[in-house]
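The values are calculated or read from the model by the stated rules, or taken from the named source; none is laboratory data. These numbers come from a predicted model, not from an experiment. Cβ placement follows ideal geometry from the backbone for every residue including glycine, while neighbour counts extend to all protein chains displayed. Ligands, DNA and RNA are stripped out before the accessible areas are found, and what is left, the full protein with its side chains, is counted by its heavy atoms. Shrake-Rupley method; radii C 1.70, N 1.55, O 1.52, S 1.80 Å.
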Amino acid sequence: MSAKNVRIEVMRAIESKVDSFIDSYLIPIEEIWQPTDFLPDNKSDKFLDDVTQLREEAKELGYDFWVTMVADTITEEALPTYESWLMDVEGIDQHGENKNGWSKWVRHWTAEENRHGDVLNKYLYLSGRVNMREVEITTQHLIADGFDIGTDRDPYKNFIYTSFQELATNISHKRVGQMAKKKGNLLLGKMCTIIAGDEMRHHLAYREFVKTIFEHDPSQMMLAFADMMKKKIVMPAHFLRESGGSIGTAFENFSNCAQRLGVYTAQDYVEILKKLNAYWELDNIRSLSDDAEKARDYLMKLPARLERISERMKFPEDQYHFKWVEANGTL
Ligand SMILES: [Fe+2]
Ligand SMILES: [Fe+2]
């Protein structure tokens with residue numbers, strides 16, 4: 001059987017567990033938080049006062065902070081790209097007889113994720129610290145540009161990507177929340193922390209999918225993991241551009257910003273890899289083919305190698321001026 005057909009078989013074999021994954025890792029719609037829970041109540045007489053307070057608190061936050069918030073928001077707002085990408089993965093089917101539990105997972109995951117861009121966008125709008133029109137243009141560009149994360153339609157590679165990426169977003173939202181709290185922006189702090197909580201649950205789900213696949217098809221899963229790490233896990237917003245700019249040009253400036261601020265760093269990348277290696281117990285996986293043994297060896301040594309590289313990395317200290325954020329005097 002071809003590797004592709006084996007993947008479809010494995011996806012089918014795990015499919016019966018998808019409902020229990022949804023129960024364990026997602027929260028019922030009627031119970032989960034909604035963006036309105038973290039924003040000033042627009043039915044209240046205090047609404048305008050609350051907005052004034054939110055805007056005053058926002059003045060305490062500096063340039064790099066806002067750039068990071070904007071890029072995080074735009075990344076979340078590009079959710080249509082992620083949903084359509086996942087729906088197209090081999091073994092995930094939303095049509096006809098083959099319509100399966102995996103498409104239900106993708107829809108439910110999307111429904112949770114959709115709240116992130118929603119709440120962040122409303123907050124940014126109310127804060128008055130950023131140029132919303134520029135943010136909106138970048139969002140439209142990013143959705144129009146799509147992304148290419150190097151996974152193809154392979155479920156194994158896609159689940160490696162999502163396992164990694166959900167933890168990366170957990171880290172960055174968590175750190176942004178901590179910074180906001182430190183500067184007295186309690187509402188924003190809570191908002192980012194609760195988003196980080198969602199990202200963590202999603203990470204736990206995707207790493208479980210991979211663990212289950214390792215039980216069914218260890219060699220191919222190992223090879224897919226190594227292939228993704230060789231290509232490097234690119235960020236979902238790697239095609240980010242500003243108005244008038246060409247594809248991807250804003251991304252590097254944003255990641256320098258996130259690195260400078262300590263919101264998401266090269267060291268975090270290494271830590272995520274270490275956690276994944278440990279959770280999937282790479283060292284205990286049996287009956288690997290020769291090339292999968294080599295792939296394991298590569299993956300086990302990779303964190304130390306990347307650590308050495310990250311120690312030598314240098315990032316520009318100069319602030320690039322984005323169209324999204326006017327210089328607000330609080331650097
Ligand atoms: Fe998210
Ligand atoms: Fe996420």
(message) For the range 239-261, give me each residue that is open to solvent by less than 40 Å² (accessible area, probe 1.4 Å) and touching a Lys or Arg at 6+ places or on another chain (Cβ under 7 Å).
(response) E242, S243, G248, A250
(request) Look through the range 285-331, keep the residues that are more than 25 Å from the chain's Cα centre (by Cα), outside any helix (DSSP H, G or I) and surrounded by 14 or more Cβ atoms within 10 Å (Cβ to Cβ), and return whichever of them is modelled with the lowest pLDDT. (result) T330
(request) Would you mind telling me which numbered condition in (1) farther than 22 Å from K230 by Cα; (2) open to solvent by 20 Å² or more (accessible area, probe 1.4 Å) D152 fails? (result) (1)
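Among the candidates Y161, Y123, which residue alone is within 27 Å of A250 (Cβ to Cβ), more than 16 Å from ligand 2 (Cβ to nearest atom) and not hydrophobic (A, V, I, L, M, F, W, C)? Don't jump to the end; show me each part of the working.
Details: Y161 fails: more than 16 Å from ligand 2 (Cβ to nearest atom).
Within the list Y161, Y123, the selection yields Y123.
Here is a yes/no grid of residues against (1) surrounded by fewer than 22 Cβ atoms within 10 Å (Cβ to Cβ); (2) within 16 Å of ligand 2 (Cβ to nearest atom):
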| residue | (1), (2) |
| --- | --- |
| A111 | yes, yes |
| R115 | yes, yes |
| V119 | no, yes |
| M132 | yes, no |
| D148 | yes, no |
(request) Give the residues of the range 84-106 that are part of a helix (DSSP H, G or I) and surrounded by 14 or more Cβ atoms within 10 Å (Cβ to Cβ), sorted by residue number. (result) W85, L86, M87, G101, W102, S103, K104, W105, V106
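Residue check: is I195 at pLDDT 95 or above and either crowded, with 18+ Cβ neighbours inside 10 Å or not aromatic (F, W, Y) (or both)?
When the stated conditions are applied, I195 passes them.
Looking at P218, P236, which is the one that is open to solvent by 10 Å² or more (accessible area, probe 1.4 Å) and either more than 16 Å from ligand 2 (Cβ to nearest atom) or polar (S, T, N, Q) (or both)?
Values: P236 fails: either more than 16 Å from ligand 2 (Cβ to nearest atom) or polar (S, T, N, Q) (or both).
Criteria check complete, one pass: P218.
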(request) Read through the list (1) within 25 Å of A258 (Cα to Cα); (2) within 16 Å of ligand 1 (Cβ to nearest atom), then give the number of the only condition that W105 fails. (result) (1)
(message) Here are the criteria: (1) modelled with pLDDT of 95 or more; (2) within 13 Å of ligand 1 (Cβ to nearest atom). Tell me which single one V210 does not satisfy.
(response) (2)
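A quick yes/no check of all residues on (1) surrounded by fewer than 20 Cβ atoms within 10 Å (Cβ to Cβ); (2) touching a Pro at 6+ places or on another chain (Cβ under 7 Å):
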| residue | (1), (2) |
| --- | --- |
| Q34 | yes, no |
| N42 | yes, no |
| F47 | yes, yes |
| D72 | no, no |
(request) Would you mind stating whether E76 is in contact with a His (Cβ under 7 Å, 6 or more places away or on another chain) and closer than 16 Å to L240 by Cβ? (result) yes
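Checking the conditions here, which among A180, A266 is touching a residue at least 40 places away in the same chain (Cβ under 8 Å), under 30 Å from Q53 (Cβ atoms) and more than 15 Å from ligand 2 (Cβ to nearest atom)? Talk me through it step by step, then tell me what you get.
Values: A266 fails: under 30 Å from Q53 (Cβ atoms).
Of the residues listed, the single one that is touching a residue at least 40 places away in the same chain (Cβ under 8 Å), under 30 Å from Q53 (Cβ atoms) and more than 15 Å from ligand 2 (Cβ to nearest atom) is A180.
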